[in-house]
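Participant: If you scroll down you'll find the structure; I have some questions about it.
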Amino acid sequence: MNKILTSLALSGIAVLAAATAAGAQPAALQDPAPFSCENRADGNYPHPTSPTKFMSCVAQEYAYEQNCFPTYQGETTYYVASADACLTAAEAREQSLPIPF
């Protein structure tokens with residue numbers, strides 16, 4: 001088992017090294033879509049590219065990417081700005097809130 005995990009780890013490193021050498025930046029290391037908290041009140045805002053995430057602004061300067069986590073039953077949750085909460089599609093419909101996708 002350890003040999004398999006070591007082999008997988010080494011192949012992942014090789015892929016990362018090859019992508020870096022080719023000038024490509026792996027997706028996990030790329031900067032998220034630009035989001036600025038300048039001139040925004042502190043609080044939460046919809047994520048610019050993902051309905052299952054949201055951005056938190058602090059001190060009208062710092063932007064923090066936050067995730068909406070699945071429910072205990074594994075249902076996907078989406079950030080609903082009008083509720084300032086992560087809700088399932090069914091919960092948003094029950095409250096007559098727009099679903100952000």
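The values are calculated or read from the model by the stated rules, or taken from the named source; none is laboratory data. All values reported here derive from a predicted model rather than from experimental measurement. No Cβ is skipped: glycine too gets one built from the backbone with ideal geometry, and neighbour counts run over all protein chains shown. We work out accessible area using only protein heavy atoms, side chains counted, and drop any ligands, DNA or RNA first. Shrake-Rupley method; radii C 1.70, N 1.55, O 1.52, S 1.80 Å.
Participant: Which one is surrounded by the fewest Cβ atoms within 10 Å (Cβ to Cβ) among residues in segment 34-57 that are over 19 Å from ALA89 (Cα atoms) and hydrophobic (A, V, I, L, M, F, W, C)?
Facilitator: Among them, the one singled out is ALA41.
Participant: Could you list, in sequence order, all residues of segment 58-70 that are without any contact (Cβ under 8 Å) to a residue 24 or more places away in the chain, open to solvent by 40 Å² or more (accessible area, probe 1.4 Å) and of a type outside the set (Phe, Trp, Tyr)?
Facilitator: Of everything in segment 58-70, those that are without any contact (Cβ under 8 Å) to a residue 24 or more places away in the chain, open to solvent by 40 Å² or more (accessible area, probe 1.4 Å) and of a type outside the set (Phe, Trp, Tyr) turn out to be VAL58, ALA59, GLN60, GLN66, ASN67, PRO70.
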